[in-house]
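Written out below as structure tokens is the structure these notes cover.
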Amino acid sequence: MVCCTLNRPKAAKHRRIDRMDFFNWTEGAFATNSSSYDSFETATLPPSKILLTITLSVVAVLTTFFNCLVITAIAVTRKLHHPANYLICSLAVTDLLVAVLVMPFSIIYIQNEKWVMGEVVCTIWLSIDIACCTCSILHLATIAIDRYRAITDAVEYSRKRTGARAGAMVAVVWLLSILISLPPLLWRHYSDDEEHKDQCIIIHHHMAFTLYSTLGAFYIPLMLILILYYKIYKAAQTLYMRREASRASRHSCMTNGSMIPSSYPAGDSDGDGGPRSPEPISPPEKSFSEPSTEETPRERVRASKKVSQSKSHRHDSRSESRRSQIYQAPRISGSRERKAASTLGLIIGAFVICWLPFFVKEVIVNTCGSCNTSIEMADFLTWLGYLNSLINPLIYTIFNEDFKKAFQKLIRCSHYL
């Protein structure tokens, strides 16, 4: 994420508690020592602050769990050892870093309403925050590029889609993330102002840094993702229509009398609809079709009727099967198309909902001198972006049957543990 705490709004002075007045007011009841006062202050946290801390902690734990699940599933399941899944694994590693190295410090920051861990830790936290969130967004764009190439140039790209190529793509993503996030950190302005002394923020006086960071970390990847997934959807739609037309044409040829050799009866085609060569009569059919010295004329007539009824029944069932396949093909294609559209909609929708509000706020606040947001709104938009690290492992794996089976095995603690 670019400048996740960029220009964090100034804390309102009326929100700060005058500790001396509060201490004098409670001096009669808590005059034993300072630790009693501290324990009382901790115990009287507002219920809303306690609920907020618990909620954010649950988000951090779930983000850690699901990303660890994805990483473990890919590592231990041989069927998932595919270059496309290596990108998913790298995305999960990046989101795991956000959950472990970024979210806990943000929770402490929000709870205390000031930075209490020193300047060095602040610089390290900001560096990890910006680099990991930016890298997570660029991973989504890289996955979109990989899927676009796989569906539009399947034959040629299948030769190039190797583990080494996936590793090179991951390295490029991390390099771009560092290049995008490094300039704001290097030119960070350290303020001695009392209002900013207890805050961990990035302050700079150049609008160019804001535009450079937001464009590289979000707006350019967003445009790339929208264009690529639109092309993926159109390519998939065209592919489904071609398959449907080919399937309908094949069934039409098989059911057209002029296309079936006249030497084969209508019911003597195999299960896939193609004509088959005449086969020798099986022993049961031969005993019914040929006269026997032990059979009476009436029995032979009954036997011949049974044979003709059996052939007629097989012919009707095969014709019905062909008709059902012809009518079912458009429904299958339509359901697949709807599933593909819903999957793409979830991917794009989750990304836009999580990150667009934050980056719109960043542009407005840093380009408009009189514009500002409250602390609560800034924290909400920041954590809305963090939430994307929880959604990513769910969206990018839940529609894959191989991942589902791997998750079930891991959750049941069987086969691998």
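FYI, it's all coordinate maths here, none of it is from the lab. Computed from a predicted model, the values in this text were never measured in an experiment. Here Cβ is always computed from backbone atoms with ideal geometry, including for glycine, and neighbour counts include all displayed protein chains.
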If you rank T397, T123 by fewest surrounding Cβ atoms within 10 Å, what's the result?
-> T123, T397
Work out from phi, with θ = phi - 60° and the Karplus expression 6.51 cos²θ - 1.76 cosθ + 1.60, the ³J(HN,Hα) of each residue of segment 221-238, listed in order in whole Hz, and give x for Gly and Pro.
-> x, 4, 4, 5, 5, 4, 5, 5, 5, 5, 5, 4, 5, 5, 5, 5, 4, 5
Can you sort T134, T367 so the residue with the fewest Cβ neighbours within 10 Å comes first?
-> T367, T134
May I ask you to sort S90, S48, S106 by Cβ crowding, counting other Cβ atoms within 10 Å and putting the fewest first?
-> S48, S106, S90
Name the long-range amide H neighbours of I203: under 5 Å, sequence gap of 5 or more, or other chain; modelled H, no Pro or chain starts.
-> H189
Members of K160/K404; K79/K409; K49/K114 lying beyond 18 Å, as alpha-carbon distances in this model show | K160/K404
